[in-house]
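Bear in mind these aren't lab numbers, they're just calculated from the coordinates by the rules spelled out. Just so it is clear, the model here is predicted, and its values are computed rather than measured. Don't worry about glycine lacking a Cβ; one is built from the backbone with ideal geometry, like all the others, and counts go over all protein chains shown.
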Amino acid sequence: MAQIIDGKSVALQIKLEVKEQVERLKAKYSVIPGLAVILVGDDIGSVTYVRNKQKACDDVGIHSRTFSFSSDVGQKELEILINELNHNAQYNGILIQMPLPRSLDSRSLLNAVDPEKDVDGLLPSNVGRLVIGEEALYPCTPLGIMTLLQRYEVPVSGAHAVIVGRSNLVGKPLALMLIAANATVTLCHTKTRDLPGIVRQADILVAAAGRPGLVRGDWIKQGAVVIDVGINRSPNGKLTGDVEFEQAEKRASFITPVPGGVGPMTIAMLMRNTLVAAERQTRR
Ligand code: NAP
């Protein structure tokens, strides 16, 4: 039976570490790290995520403010705000809650954020630094996954890591991080031939497709480490991942639950990125 990877408790630990460092920064430089969140519309998922982020900021002593707009806000108004926030030393991190309404050009708004304040790590310059292995702000979910692997002492070097999903948010940046940690990486997507055959070879399997039950329990290699990133809501309102948990748990050595696995780590990493951004901007 697999050992459960407890993302909730690791995230709590990380937040305590961040809190200590926030206090140190305040004592030494009188700096309180700040996070600005831009929220457009009233999508229930986005509103909940933003509320959770704000609560995490309160927990670790990061100053945060949410700038909320109705879904008919214009591109120009948001550009002006982003420009002001770029120049406002109170905010070390700027986060645009996705998805934005279709009427807005999301990419161009993201690109308007100062890369030093890009705490989501999604700007081309930060992604480029990740590709060549330079220090940068890295995306929170893959960072959270790498941190879970480290804290549970999962051997990554030389392992075959299979990732299902190639999004810019999760799959692609995670592949780069795993390569940097000397894993051999296979990245799968909807055009992949023989997904079960590839998953069966994985020492470390990361499912990030957003398809409930896509990865069957009997695809898991005996002793593999299973990281389930998927968040799917079933008709009865229950959250499930992309992996058939009960069957996979019998074969894996470690497995993340949904909820309580990768999810809490994403927010903890956002706190850490905001702290890191504040430290770098203070030293500048
Ligand atoms: P996304 O942008 O929709 O990307 C999904 C990826 O999965 C795509 O690359 C897609 O392939 C691939 N895929 C979908 N169905 C597949 C199938 N049947 N076989 C093989 N590949 C398949 O999603 P995302 O933003 O990366 O998010 C993925 C999941 O993780 C979602 O459930 C999301 O809610 C969750 N998530 C969780 C967290 C967290 O903090 N826990 C953070 C972010 C995302 P193609 O490229 O070929 O279309």
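Condition check: hydroxyl-bearing (Ser, Thr, Tyr) and in contact with a Gly (Cβ under 9 Å, 6 or more places away or on another chain). Does THR256 satisfy that?
Yes: the conditions hold for THR256.
Look through LEU39, LEU16 and report the one residue that is under 19 Å from the mean Cα position of the chain (by Cα), surrounded by fewer than 16 Cβ atoms within 10 Å (Cβ to Cβ) and closer than 19 Å to SER64 by Cβ.
LEU16
Could you count how many residues in segment 236-284 are in a helix (DSSP H, G or I) and either under 15 Å from the mean Cα position of the chain (by Cα) or closer than 30 Å to ASP114 by Cα (or both)?
Qualifying residue count, segment 236-284: 22.
Which ones in segment 100-109 are in contact with a helix residue (DSSP H, G or I) (Cβ under 9 Å, 6 or more places away or on another chain) and assigned to a helix (DSSP H, G or I)?
Answer for segment 100-109, where residues must be in contact with a helix residue (DSSP H, G or I) (Cβ under 9 Å, 6 or more places away or on another chain) and assigned to a helix (DSSP H, G or I): SER108, LEU109.
Among the residues of segment 240-259, write down those that are within 10 Å of the ligand (Cβ to nearest atom) and either closer than 30 Å to LEU137 by Cβ or buried (at least 21 other Cβ atoms within 10 Å of the Cβ) (or both).
GLY241, ASP242, THR256, VAL258, PRO259 - these are the residues of segment 240-259 that are within 10 Å of the ligand (Cβ to nearest atom) and either closer than 30 Å to LEU137 by Cβ or buried (at least 21 other Cβ atoms within 10 Å of the Cβ) (or both).
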